[in-house]
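Reviewing the structure listed below.
The values are calculated or read from the model by the stated rules, or taken from the named source; none is laboratory data. It should be emphasised that the depicted structure is a prediction, and the values quoted were computed from it without experimental measurement. Here Cβ is always computed from backbone atoms with ideal geometry, including for glycine, and neighbour counts include all displayed protein chains.
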Amino acid sequence: MNLTSQLIHAHLVSGDMTPGSEISLRIDQTLSQDATGTLSYLQFEAIGVPRVQTQLSVSYVDHNMLQGDFRNADDHVYLQDVAAKYGLHYSRPGNGICHQVHLERYAVPGTTLLGTDSHTPTCGGMGVLAIGAGGLDVALAMAGSAYNMRMPKVLGVELHGRLQRGVTAKDVIFEVLRRLTVKGGVGRVLEYYGPGVSHLDVPERATITNMGAELGATTSIFPSDERTAAYLERQQRLDAFTPLAAADGATYDEHMRIDLDTLEPLIAQPSSPDNICPISEVLGIPVNQVAVGSCTNSSYSDLMTIAEILKGRTVHQRVNLVVSPGSRQVLQMVARNGALADLIAAGARILESACGPCAGMGQVPSFDAVSVRSFNRNFPGRSGDPNNRVYLASPAACAAAALAGEIADPRLVAVEPVGLPDAYVIDDTGVLPPAEDPAQIEIRRGPNIKPLPSRGDLEETLAGEVLLKLDDNISTDHILPAGPTVLPLRSNVPAIAEYLFRYVDPTFVERVKAAGGGFVVGGHNYGQGSSREHAALCPMFFGVKAIIAKSFARIHHANLMNYAVLPLTLVDEDDYDRFGPKDHLEIPDVRQRLLDGAEHIPVHNRTQQCVIETYLPLTDRERQIVLAGGLLRFAGKEFTT
């Protein structure tokens, strides 16, 4: 077996490991972050299990760090109390970005990890089968249920050679994105192997697996080898090491080869992570802001790289440079060795160890500005303003742009690769263990934390008008923005729902309320990007019956089913043109069709007087979830019987 199949087989609870078939996996660890975790823990409480059933579950605070009023702080208090009472570890504000900290302190090769964040595959850089999911799926995993998904194909990415000076791991994943696009990983796991793997340290591997999320992949994974052991030893966790690799002669469903020594610095242009070109094609574009950090590139090695490049130099007068250390460990280390002083002397502004600008939480660039970021996403509005022009680049390319005041070739300022330190600073005081006496914990709930909305059983007939018709690659940022105005409302669904499709059509909420619900039509890869289940929950809250699209992103497809909003795929993509604004649609006898096991669902366009065929293949379990009105109602019946 290849490594992916080995780990799936070792954790298989039920199902057939044939691509496309439903499988159930035992989950060893879970993680959450505060922007998605608050809702997940409300769901966990609703399930009624007194203690988490996983080997380890960690609740991180890293997104909603701006405390402009009481709401974010109240959510953090709630998360701390829930963790203490139900058996989770709680990573306090300032301790770091969930994926960076989990890689440093908790990831164990050979385990399964399910997270309420789409970039959970970061830990695949250490041989972990790490999967991003909606918060409700994670709540059920914490309650002891298996995680259900479709068996993916395994795409073997064979690496040869080694990176040249000034070319980084970020350029490796850019090359994969250039070839596959943002929808090319759907239904796949990317497994990296080959002689080139031995030249990449764990932080470099984690950069690659992190941005595999932008492909829509189920996850990405590297073997656990000598490089993994070296990283764990420096983290004083060598006892967690297990050697893992594909068996000799292992086969893959699909194959790709990358010669590392032939790669050149690449960059993602606005406004998609797959809008890749050689950096040489965009040299000289004036830059207003440079941001280094995010869960993709905020490791000790990343910050040391830019510190070495900037040492003794000054950031260009046109550029505002901000740096977000990925963890408290990283921040302490660069503070102790003098690199932090070098960054400050060069003109960098040091932000706290958190997601920060990547989630639109502060540092929004000026109007129509060019921002070069070592982040993972540059969707319109992701920076906090849809008019910004955001480029994605490696930390080295970011440093080069900060010095030149324009996009520049990082090879001109490249330093020797920064490998692993002799030892990492170990200080876990930023993580609180569960309470020794959970019965004494009383959970505090601020006034912004509202009860979970739900719906009833699926209706016999779905009817309504086309409320919105959208193009390809609509992200969850399009559906429900992030940023300091919206993120504090994550525990208040009625309030956050008011921002539904705000960047796409500011009139949408007014219209969906007036219509009492309806339908949304989309193109390919609908729902890409963040795992935020609010992008499915809020449409359900307003009565959206179904999303009709050419294709869906994996996590959002699952989230829609979890809230009984039907994700209907067009059988004939040309039928997309047969929908018009305000067309009246009807899906008669849909409940009976699903009860009968039908996979083809005809949509009657009464306005155009035509019938459009859609496809909704469901397993028996998925069918029962939709019929019950969503996963929480279905699970509630399961846990009470």
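Here are the numbers for this structure:
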quantity: Matching residues, the stretch 77-105, being outside any helix (DSSP H, G or I) and surrounded by fewer than 24 Cβ atoms within 10 Å (Cβ to Cβ); calculated: Gly87, His89, Tyr90, Arg92, Pro93, Gly94
quantity: Residue among Thr181, Thr228 that alone is at pLDDT 95 or above and either surrounded by 24 or more Cβ atoms within 10 Å (Cβ to Cβ) or farther than 19 Å from Val154 by Cα (or both); calculated: Thr228
quantity: Odd one out for Val154, checked against (1) crowded, with 24+ Cβ neighbours inside 10 Å; (2) in a helix (DSSP H, G or I); calculated: (2)
quantity: Matching residues in the stretch 194-212 - criterion: being assigned to a helix (DSSP H, G or I) and touching a helix residue (DSSP H, G or I) at 6+ places or on another chain (Cβ under 6 Å); calculated: Gly196, Val202, Pro203, Glu204, Arg205, Ala206, Thr207, Ile208, Thr209, Asn210, Met211, Gly212
quantity: Residue in the stretch 436-451 that is crowded, with 17+ Cβ neighbours inside 10 Å and over 22 Å from Gly37 (Cα atoms) present; calculated: no
quantity: Residue identified as farther than 22 Å from Pro265 by Cα, crowded, with 22+ Cβ neighbours inside 10 Å and not assigned by TED's automatic domain parsing to the domain that holds Thr296 among Ala206, Ala217, Ala146, Ala213; calculated: Ala217
quantity: Selected residue (only one of Pro417, Pro386, Pro421, Pro380 is assigned to a loop (DSSP other than H, G, I, E, B) and either touching a Ser or Thr at 6+ places or on another chain (Cβ under 7 Å) or among the basic types (Lys, Arg) (or both)); calculated: Pro380
quantity: Filter pass, Pro357 being part of a loop (DSSP other than H, G, I, E, B), closer than 21 Å to Thr168 by Cβ and out of contact with any Cys (no Cβ under 9 Å at 6 or more places or on another chain); calculated: no
quantity: Residues of the stretch 303-325 satisfying the condition of being among the basic types (Lys, Arg) and surrounded by 19 or more Cβ atoms within 10 Å (Cβ to Cβ); calculated: none
quantity: The listed residue being farther than 21 Å from Thr120 by Cβ, outside the structural domain of Ala213 (by TED's automatic domain parsing) and buried (at least 21 other Cβ atoms within 10 Å of the Cβ), out of Ala345, Ala335, Ala339, Ala354; calculated: Ala339
quantity: Segments classed as helices (runs of 4 or more DSSP H), wholly inside the stretch 449-535, with at least 2 members that are within 25 Å of Asp81 (Cα to Cα); calculated: 493-496
quantity: Residue satisfying all of: in the stretch 609-622; modelled with pLDDT under 95 and farther than 18 Å from Ser145 by Cα; surrounded by the most Cβ atoms within 10 Å (Cβ to Cβ) among these; calculated: Leu618
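One line per residue, one yes/no per condition, for (1) touching a residue at least 12 places away in the same chain (Cβ under 8 Å); (2) within 20 Å of Leu113 (Cβ to Cβ); (3) not in a loop (DSSP other than H, G, I, E, B):
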residue: Gln236; (1), (2), (3): yes, no, no
residue: Gly249; (1), (2), (3): no, no, no
residue: Tyr252; (1), (2), (3): yes, no, no
residue: His255; (1), (2), (3): yes, no, yes
